[in-house]
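Take a look at the structure set out below.
The values are calculated or read from the model by the stated rules, or taken from the named source; none is laboratory data. Remember, it's a predicted structure, so these values are computed and weren't measured experimentally. Positions of Cβ are generated from backbone atoms using ideal geometry, with glycine treated the same way; all protein chains shown enter the neighbour counts. Surface areas here come from the heavy atoms of the whole protein model, side chains and all, with no ligands, DNA or RNA. Shrake-Rupley method; radii C 1.70, N 1.55, O 1.52, S 1.80 Å.
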Amino acid sequence: NEVDAFWCFVGFMDQVGSNFELDQSGMKRQLDDMTEIMKFVDPVFYNYLEAKESGNLFFCFRWMLIWFKREFNYSDTLTLWEVLWTKKPCKNFHLLVCAALLDTEKSAIVENKYGFTEILKHVNDMSHRIDLQKTLSKAEGIFESLRVDSTISDRLVNILGLAPPTPVSSQNGHNHEESQNGTGDPQRATSKPMAIQNRKLSGNSHARERHRTESSNASSSLNNSSSVEVLSEIDDEQKFENSLNSNFF
């Protein structure tokens, strides 16, 4: 039905239209937000990426551009898009999906000492090899940890639209007990690495099946991917980086 197809397209572009702005401001903003998430969630891994000239996270560009369309089959893409359209459990949940994917592939990247080119190739090779349900469960686990973490930065609160923690009331009717005890100080402490793989999800996690986190064995795929596709992706990322440099710096 052409009418239904048109309005579905309009609805989708309402969600991702900023990704296609001529000045690339929408994509730059998301990459900056993703960098902020990684610095808080896994600073050790982010430092590794930065040391490998990958701290800009440009290899996540293809994930964000059309919401993982190239990473999953048609059925899984519909499932993922429906989750993202709900804006639950938080806004910009697709950024936590990116963080979950990076956590899954972290061991392969670090153990093989991948640099920018190898990381980009590795990300390309992940296409149609990702377990969607495990990824969504892990992304939700990251959200739950951030939601209850008192050290989370104000910027992360804004990025994910997290509600402020509910103040604890004492029996004599005085509110904001944490503030009186000094724990409600708006100046939050420095963030610490979070053990994502050992995190357990809460019982009301939308009835998704829980699985033990497994690091995918992607190192063998490094020899099987087409070098032409990788060079093309590198060209795309270079064009994107040149666009950022010419428009923002």
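Points worth noting:
- Length gained on full extension, D4 to T117: 36.6 nm, using 0.36 nm per residue less the C-alpha separation.
- Shape class of the range 26-145 from the Cα gyration tensor (axes a ≥ b ≥ c, square roots of the eigenvalues): prolate, since a/c reaches 1.5 or more and a/b is larger than b/c.
- The range 38-136 - accessible surface per residue (Å², probe 1.4 Å): 40
- Neighbourhood net charge (11 Å Cβ-Cβ; Lys/Arg +1, Asp/Glu -1) for L102: -1
- Sequence of V16, V10 when ordered by accessible area, the most exposed leading, probe 1.4 angstrom: V10, V16
- Model label sites at M13 and T79, defined 7 Å from Cα along the beta-carbon direction, differ in position by 3.0 nm.
- FRET efficiency, 1/(1 + (r/R0)^6) with R0 51 Å, evaluated for V110 and F20 via beta carbons: 0.95
- For C90, the accessible surface of its heavy atoms amounts to roughly 10 Å² (probe 1.4 Å, protein chains only, rounded to the nearest 10).
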